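A short write-up of the structure that comes next.
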Amino acid sequence: MARVLSGIQPTGDIHLGNYLGAVRNWVEDQHLQDSYFCVVDLHAITIPRDPAELRAKTLELTLLLVAAGLDPDVCTLFVQGHVHEHSELSWILECVASMGELERMTQFKEKAKDGRESARVALFTYPVLQAADILLYDAERVPVGEDQRQHLELCRDIALRFNHRYGDTFLVPEAILPKVGARIMDLQKPTAKMSKSADSPQGTVLVLDEPAVIERKFKRAVTDTGTEVAFDPGKKPGVSNLLAILAAATGRQPAEVAEGYSQYGQLKADTADAVVELLRPVRERYTELASDPEAVRATLRQGAEKAQAVAGPTLARARAAIGLLSRD
Ligand code: ATP
Ligand code: LTN
C-alpha cells in the first residue's frame, strides 16, 4: 500500500480552499493508502502567535479534521510537535539544503511581508521542516493544493541530494494535486488564493460558517465585467472561481458546469447551495465532537505513538548515513 503524508497549519480557521484542495482528498485517500496526516504546529510558530490561541487552534483543527471524515482508526492523525524526530531531521536537512534554493521559495517572499530583516529565521527554513515531515515517513504521495508544488519540488531535490551524497536513505516523494479545486480563490479578490492568513473575512468561506453566512458571502462575491458565464481564469477570474467551486463540490469539470448558465446570479445561488450541502455534515459532526475534546486528545496520543514508530527508524538511518556517532 502506498504511503501518503500531508499537513495543515493550526493557524486561522479552515476554509473552503483547504477543504477542496486538501482535506477532502485526504478523507478519500485514507481508505486506499497507508496515510499520515499531521497538524503542523511547529510550522505555525514561524509567524508570531498568541500561545493560548495556538494551543486551542491545534485541538480545534484536529476536531475539525475528524469531523471532516478522517478516521483515527484508519489513518494516523497526529500533531507534528509531539514527534521530536521532525525537528531533528529538519536540522540534518538544513545541512544539505542551500540558501539559494530557499531564497527562490515564493511563499517566503509573500509571507515575509514586513521585510527580510524582521522575518524569523524559521520562516525562511520552513520548507526544510516540511521536507523532514514528508521524508520521515517514506511517503510516496503528498496530497496538497497548488500553492505547495514548489515546496514539494524542493523536498524532492533535498532527498535526491542526500541520497547521492550519503547513500540511499530517503524515498523521493511526489506531489498529488486534485484535478479540480487545487487553487480556490478569495471571493472578494479572485486573483488571490483563499487563505487562512489573508485578512479577508467576506472573501473566505469557512468550513464552520452557518448556511446563511455562506449564502451571503457568495451573493456578494466579486464577479467580472460582461455577462457571459465562461471558464476563463485569466480573463474572468471571479466567475471562473465560482465555476471551479461548483464543479469541485459536485464532481464535475468547470467548463462543463459553465454550459448550464447564462447569468451570474443563478450561478452564485447554485454554488452557495452546493457548498452549504457539502459542508453541512462536517459542521454538524464538529458540534458533536466538540463536546468531548478529551477523546480527541487521546486520539492524538495514539497518533503520535504510531507516527513515532515510523519516524524513529528513518531518523536513525539519516543520522547514521551522514556520520553522526550513535550513543550505543
Ligand atoms: P496560510 O494562509 O496560513 O498559509 P493556508 O490557508 O494556505 O494557510 P495551509 O495550512 O497552509 O492553509 O494549507 C493546508 C492545505 O490546504 C495545503 O495542502 C494547501 O495546499 C491547501 N490550500 C490552502 N489554500 C488553498 C486554496 N485556496 N485552494 C486550494 N487548496 C488550498
Ligand atoms: N507547508 C504546508 C503545510 C505542511 C505540509 C507538510 C504539507 C507542512 N508540512 C508536509 C504537506 C506535507 C502549507 O503551508 N500548506
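The values are calculated or read from the model by the stated rules, or taken from the named source; none is laboratory data. Just so it is clear, the model here is predicted, and its values are computed rather than measured. Note: ideal-geometry Cβ built from the backbone for every residue, glycine included; neighbour counts use all protein chains shown.
Out of all the residues in the range 251-267, is one or more under 22 Å from the mean Cα position of the chain (by Cα) and closer than 19 Å to Leu16 by Cα?
Yes, there is a match, as at least one residue in the range 251-267 is under 22 Å from the mean Cα position of the chain (by Cα) and closer than 19 Å to Leu16 by Cα.
Can you pull out the residues in the range 20-48 that are of a type outside the set (Val, Ile, Thr), away from ligand 2 (no atom under 13 Å from the Cβ) and either modelled with pLDDT under 95 or closer than 26 Å to Ala247 by Cα (or both)?
Leu20, Arg24, Glu28, Gln30, His31, Leu32, Gln33, Pro48
Does Pro127 meet the test of being within 25 Å of Arg317 (Cα to Cα), more than 10 Å from ligand 1 (Cβ to nearest atom) and out of contact with any strand residue (DSSP E or B) (no Cβ under 6 Å at 6 or more places or on another chain)?
Numbers: within 25 Å of Arg317 (Cα to Cα): yes; more than 10 Å from ligand 1 (Cβ to nearest atom): yes; out of contact with any strand residue (DSSP E or B) (no Cβ under 6 Å at 6 or more places or on another chain): yes.
When the stated conditions are applied, Pro127 passes them.
How many residues does the range 36-61 contain that are in a helix (DSSP H, G or I), touching a residue at least 24 places away in the same chain (Cβ under 8 Å) and not acidic (Asp, Glu)?
Number satisfying all stated conditions: 8.
Out of the range 104-122, which residues are away from ligand 1 (no atom under 16 Å from the Cβ) and either in contact with a Pro (Cβ under 6 Å, 6 or more places away or on another chain) or under 28 Å from Ala311 (Cα atoms) (or both)?
Of everything in the range 104-122, just one residue is away from ligand 1 (no atom under 16 Å from the Cβ) and either in contact with a Pro (Cβ under 6 Å, 6 or more places away or on another chain) or under 28 Å from Ala311 (Cα atoms) (or both), namely Val121.
When you scan the range 167-281 for helices (runs of 4 or more DSSP H) that lie fully inside it, which ones turn up with 3 or more residues that are surrounded by fewer than 18 Cβ atoms within 10 Å (Cβ to Cβ) and more than 16 Å from ligand 2 (Cβ to nearest atom)?
Here the list reads 211-219.
Do the conditions hold for Asp50, that is, is it under 30 Å from Lys217 (Cα atoms), surrounded by fewer than 22 Cβ atoms within 10 Å (Cβ to Cβ), within 11 Å of ligand 1 (Cβ to nearest atom) and of a type outside the set (Ser, Thr, Tyr)?
no
To keep it simple, each residue is scored yes or no on (1) farther than 16 Å from Val310 by Cβ; (2) within 11 Å of ligand 1 (Cβ to nearest atom).
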site: Gly7; (1), (2): no, yes
site: Arg24; (1), (2): yes, yes
site: Glu28; (1), (2): yes, no
site: Val40; (1), (2): yes, yes
site: Phe78; (1), (2): no, no
site: Glu101; (1), (2): yes, no
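Report the residue count in the range 308-328 for those that are without any contact (Cβ under 8 Å) to a residue 12 or more places away in the chain and buried (at least 16 other Cβ atoms within 10 Å of the Cβ).
Selection size over the range 308-328: 0.
Within the range 6-19, identify whether any single residue is in a helix (DSSP H, G or I), crowded, with 20+ Cβ neighbours inside 10 Å and either at positive phi or of a type in the set (Ser, Thr, Tyr) (or both), and answer yes or no.
The answer is yes, given that some residue of the range 6-19 is in a helix (DSSP H, G or I), crowded, with 20+ Cβ neighbours inside 10 Å and either at positive phi or of a type in the set (Ser, Thr, Tyr) (or both).
In the range 128-150, which residues are within 9 Å of ligand 2 (Cβ to nearest atom), in a helix (DSSP H, G or I), buried (at least 22 other Cβ atoms within 10 Å of the Cβ) and of a type outside the set (Gly, Ala, Ser)?
Once the filter is applied, which keeps residues that are within 9 Å of ligand 2 (Cβ to nearest atom), in a helix (DSSP H, G or I), buried (at least 22 other Cβ atoms within 10 Å of the Cβ) and of a type outside the set (Gly, Ala, Ser), the range 128-150 yields Leu129, Gln130, Asp133, Ile134, Gln148.
Only one of Asp199, Asp186 is acidic (Asp, Glu), closer than 17 Å to Gly145 by Cα and within 16 Å of ligand 1 (Cβ to nearest atom); which? Working first, answer last.
Details: Asp199 fails: closer than 17 Å to Gly145 by Cα.
Unique residue meeting the criteria: Asp186.
Which members of the range 131-155 meet the condition of being within 13 Å of ligand 1 (Cβ to nearest atom) and over 17 Å from Val310 (Cβ atoms)?
Pro143, Val144, Gly145, Glu146, Asp147, Gln148, Arg149, Gln150, His151, Leu152
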